[in-house]
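First the structure, in the form of structure tokens, and then the observations on it.
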Amino acid sequence: MSKSFFDDLGNIYYEYYHDSVDINGKHYFDFSIGTIKGERKINQVIHSHPRLEISIVKSGTGKYYIGDHIYDIQKGDIFIINNIEPHGIELTKDESLTNMILHFEPRFVWGENNDFDARFLKIFFDRNESFSHKLDVNNNATKQMQRLFAEMEEEFEKKDSEYYLMVKVKLLNMLVLLLRHYEYVIDDDHREHIQEIKIINKVTEYIDERFDAEIKLQELADIAYMNPTYFSTFFKKYNGLSPIDYIIRKRITRAIEFLRATDKTILDISGLCGFNNSSNFNKMFKKITGTTPSSFRTNNKVR
């Protein structure tokens, strides 16, 4: 899909392309290219989201605020952001920027057969003191990362047979390059047991099927045969979020779909997404997206 569009915070993307990868009806991966123009103040655009992010600047300049860090932006820069870090791009009135973004859930990497090695995601969750969200441009591997972005863009343009499998291969290639060539992660030889991944998959499947209803922490801990305190730590190790935060962000993601594509009232959407009242829904929605449900709908309604 390509058109003029507003982002999740109501900021105009003068050009916008978006595509996704769905596997067995489940939406785990988003690919987008957007061009933003004109003055953007960081206090207006700072946000976080439930998916992991790798992005590359195709053109333009600006400043990227990620957590407590500020990075100057130029063409070719690649940024790594996990699913709990607040971030946003600030521009002056004369600046513009085109960004290619990959958003994905950890489970997109895991695979349908749970053939997962936790090291794939160490760049997001096991960072050392030298970690930088912005990849070193002088590192030779950065050029390989840039090339993989270009190849992924081509896959989405052509959509040849089984292109989504190739997209996943290229993402995994990126993640291995990040481990092999950048000294950004904690160095250890620990390998997670495959049984742990099966447990996490079972829990997240349970959440996906019931996120619109009340889910107690004890229910999830029982699935994993753990006490709630230990389970919360265990869950966050693989998802970067606590179980409760994961559920809330799932609900907000579904609410965004309703706001964009339906005429349901905000009160109805609140209930359909598992919130016990519209006040709590509004509060959580603004906390995660930076805007209210009504403002989001005004700027993002699909017509």
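Just so you know, all these numbers are worked out from the coordinates, no wet-lab data involved. What you are looking at is a predicted structure, and each value in this text was computed from that prediction instead of being measured. For neighbour counting, all protein chains shown are included, and Cβ atoms are generated from backbone atoms with ideal geometry for every residue, glycine included.
Per-residue counts of other Cβ atoms within 10 Å, averaged by peptide: what ranking do you get for 60-73, 247-260, highest first?
Values: 60-73: 15.9, 247-260: 19.8.
Going by the mean number of other Cβ atoms within 10 Å, highest first, we get 247-260, 60-73.
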_Neighbour counts of other C-beta atoms within 10 Å: give me LYS198, LYS168 arranged from fewest to most._
LYS198, LYS168
*Determine which lysines satisfy two conditions relative to LYS122: a Cα distance under 20 Å, and not lying fewer than 8 residues away in the same chain.*
LYS134, LYS168, LYS170, LYS198, LYS236, LYS237
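For THR92, THR292, which order do you get if you count the other beta carbons within 10 Å of each Cβ and list the fewest first?
Going from least to most buried by this count: THR92, THR292.
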_With the cut-off at 1.5 for a/c, could you classify the range 193-303 from its C-alpha gyration tensor as rounded, prolate or oblate?_
prolate
*How big is the Rg/Rh ratio for the chain, C-alpha atoms only, Rh by Kirkwood, two decimals?*
0.95
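Ranking request for peptides 200-207, 262-269: highest mean number of other beta-carbon atoms within 10 Å first, then the rest in descending order. If you can, show how the numbers build up before the last one.
Details: 200-207: 17.8, 262-269: 14.2.
The densest-packed peptide leads the list: 200-207, 262-269.
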*Whole-Hz Karplus ³J(HN,Hα) for the range 42-48, in order, using 6.51 cos²θ - 1.76 cosθ + 1.60 and θ = phi - 60°, x for Gly and Pro?*
4, 5, 9, 10, 5, 7, 9
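Using the Cα centre as the reference, give the magnitude of the dipole from point charges on the C-beta atoms of the range 193-303 (Lys, Arg: +1; Asp, Glu: -1; all else neutral), rounded to the nearest 20 debye.
Working: 18 positive and 12 negative charges, 110 e Å.
Here the size comes out at about 520 debye.
Using a/c under 1.5 as the rounded threshold, could you call the range 54-99 rounded, prolate or oblate? The axes a ≥ b ≥ c are square roots of the C-alpha gyration tensor eigenvalues, and prolate needs a/b larger than b/c, oblate otherwise. Can you show the working numbers first?
Working: a/c = 2.28, a/b = 1.42, b/c = 1.60.
Oblate, because a/c is 1.5 or more while a/b does not exceed b/c.
What does the C-alpha gyration tensor say about the overall shape of the range 5-181? Classify as rounded when a/c is under 1.5, otherwise prolate if a/b is larger than b/c, or oblate. Can you show the working numbers first?
On the way: a/c = 1.58, a/b = 1.30, b/c = 1.22.
Here the range 5-181 falls in the prolate category.
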_Under the Karplus curve 6.51 cos²θ - 1.76 cosθ + 1.60, θ = phi - 60°, whole-Hz ³J(HN,Hα) for the range 265-279, x wherever Gly or Pro sits_ = 5, 5, 5, 5, 4, 4, x, 5, 9, x, 8, 7, 7, 5, 5
*When the Karplus curve 6.51 cos²θ - 1.76 cosθ + 1.60 is applied with θ = phi - 60°, which whole-Hz ³J(HN,Hα) does each residue of the range 234-249 get, with x for Gly and Pro?*
4, 5, 5, 4, 9, 10, x, 10, 5, x, 5, 5, 4, 5, 4, 5
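Tell me, TYR225, TYR230, TYR182 in order of fewest to most beta-carbon neighbours within 10 Å? The partial results should precede the final answer.
Values: TYR225 8, TYR230 11, TYR182 19.
Ordered from fewest to most neighbouring Cβ atoms within 10 Å, TYR225, TYR230, TYR182 come out as TYR225, TYR230, TYR182.
Roughly how big is the chain's charge dipole about its Cα centre, with Cβ charges of +1 (Lys, Arg) and -1 (Asp, Glu), in debye to the nearest 20? Each step should come with its number before you reach the end.
Numbers: 41 positive and 46 negative charges, 170 e Å.
So the magnitude is around 820 debye.
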